[in-house]
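Written below as C-alpha cells is the structure these notes are about.
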Amino acid sequence: MKFELKTHMRDAHTDNDTLRQEGLVPAVFYGAGKDAVSIAVHYNDFVKLYKEAGETHVIDLITDQGTQSVLVHDMQQDPVSNKVIHVDFKVVEKNKAVSVTVPFEFSGTSPAVKSGAGTLTKVMHEVEVEVLPAHIPSSLIVDISSLENVGDQILLKDIPLAEGSYTVDGESVVAVISSLRDESQEEGAAEIDFSQIQVQKKGKEVTEE
C-alpha cells in the first residue's frame, strides 16, 4: 500500500496555535543531508494516514521541494486530549538501513494460562530494529503457545526477523508466565527478578477532530 500526504510550506515563526485553529498541524522534515524544513499538514489527513501507516511504513510527503520519502520520527500530543500538536518526519534513503520501533503482536494460546496455572506478563510491547525502509515489518508476531509452565519465557532471539537486525540484546525477555500467587518460597518455583526487566511502552493513540 502506498501512503501519500500533502503538505504546505510554513514560516518557522508562524504562530502554531493559529495553524491548529485552522485545522493544520505544524511539522518539519529533515534527514538524508537535508536541513529541517518547516511545513504543515491537515490534521484529519495526518490522523487517518497515521492510523494506517504508523511509524513503520514509508510515507510519500508531497512538498514544494518535491516528494520526500519519510517516516514519522516523532509526534507530540496534547497530554489531556491526545490530539497531535506537532510531527517530525525523517527523510529516508531506499538503500540505507534505518532504526525504527516495531510493535509486537501476541498470538496463540498459552497452555499455562489456559489451565489457570499462571498469567501472561508482556514485558516488551515493541522493539527497535535496523532494517531497509522497504522491509520494515508493521509488527512482529509473538507466538505464546509454547509457554506451558510458570516461569517459561520467550526471549527476543526466539522471534524471527525476516530482514534486518535487532538493536537490543537477543536475551531480552519479551513475555513470561507468572504465578497467580507468590510461590517464590516453594520448592521448584521459578525465580524471576522483575526489577531487572524493563517494561517498554505501548504504541501511541491519536484523537480525531
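The values are calculated or read from the model by the stated rules, or taken from the named source; none is laboratory data. Because the structure is predicted, anything quoted here is derived from the model rather than measured. As a convention, Cβ positions derive from the backbone with ideal geometry for all residues, glycine included, and neighbour counts pool all protein chains shown.
Has segment 19-40 got any residue that is outside the structural domain of LEU132 (by TED's automatic domain parsing), out of contact with any strand residue (DSSP E or B) (no Cβ under 8 Å at 6 or more places or on another chain) and modelled with pLDDT of 95 or more? No, segment 19-40 contains no residue that is outside the structural domain of LEU132 (by TED's automatic domain parsing), out of contact with any strand residue (DSSP E or B) (no Cβ under 8 Å at 6 or more places or on another chain) and modelled with pLDDT of 95 or more.
Selection of segment 126-142 for residues being farther than 24 Å from LYS96 by Cβ and either surrounded by 15 or more Cβ atoms within 10 Å (Cβ to Cβ) or without any contact (Cβ under 8 Å) to a residue 12 or more places away in the chain (or both) yields only VAL142. For segment 15-46, the set of residues classified as within 15 Å of ASP64 (Cβ to Cβ) and hydroxyl-bearing (Ser, Thr, Tyr) consists of SER38 only.
Residues in segment 90-98: is at least one assigned to a strand (DSSP E or B) and either more than 23 Å from SER165 (Cβ to Cβ) or of a type in the set (Lys, Arg) (or both)? Yes, segment 90-98 has at least one match.
Screening segment 156-165 for residues that are of a type outside the set (Val, Ile, Thr) and in contact with a strand residue (DSSP E or B) (Cβ under 6 Å, 6 or more places away or on another chain) and picking the one that is surrounded by the most Cβ atoms within 10 Å (Cβ to Cβ) gives LEU156. In this structure, is GLN77 of a type outside the set (Lys, Arg), outside the structural domain of SER165 (by TED's automatic domain parsing) and over 18 Å from GLU209 (Cβ atoms)? Answer is no for this residue.
Report, by residue number, each residue of segment 1-45 that is on the phi > 0 side of the Ramachandran plot and assigned to a strand (DSSP E or B). Passing the criteria: only GLY31.
Can you spot a residue in segment 158-175 that is more than 21 Å from SER99 (Cα to Cα) and either outside the structural domain of VAL70 (by TED's automatic domain parsing) or modelled with pLDDT under 95 (or both)? Yes, segment 158-175 contains at least one residue that is more than 21 Å from SER99 (Cα to Cα) and either outside the structural domain of VAL70 (by TED's automatic domain parsing) or modelled with pLDDT under 95 (or both). So which residues in segment 24-41 are closer than 17 Å to GLN76 by Cβ, surrounded by fewer than 20 Cβ atoms within 10 Å (Cβ to Cβ) and not hydrophobic (A, V, I, L, M, F, W, C)? Residues satisfying the conditions are TYR30, SER38. Considering (1) of a type in the set (Val, Ile, Thr); (2) touching a helix residue (DSSP H, G or I) at 6+ places or on another chain (Cβ under 8 Å); (3) assigned to a strand (DSSP E or B), the lone condition that THR109 does not fulfil carries the number (3).
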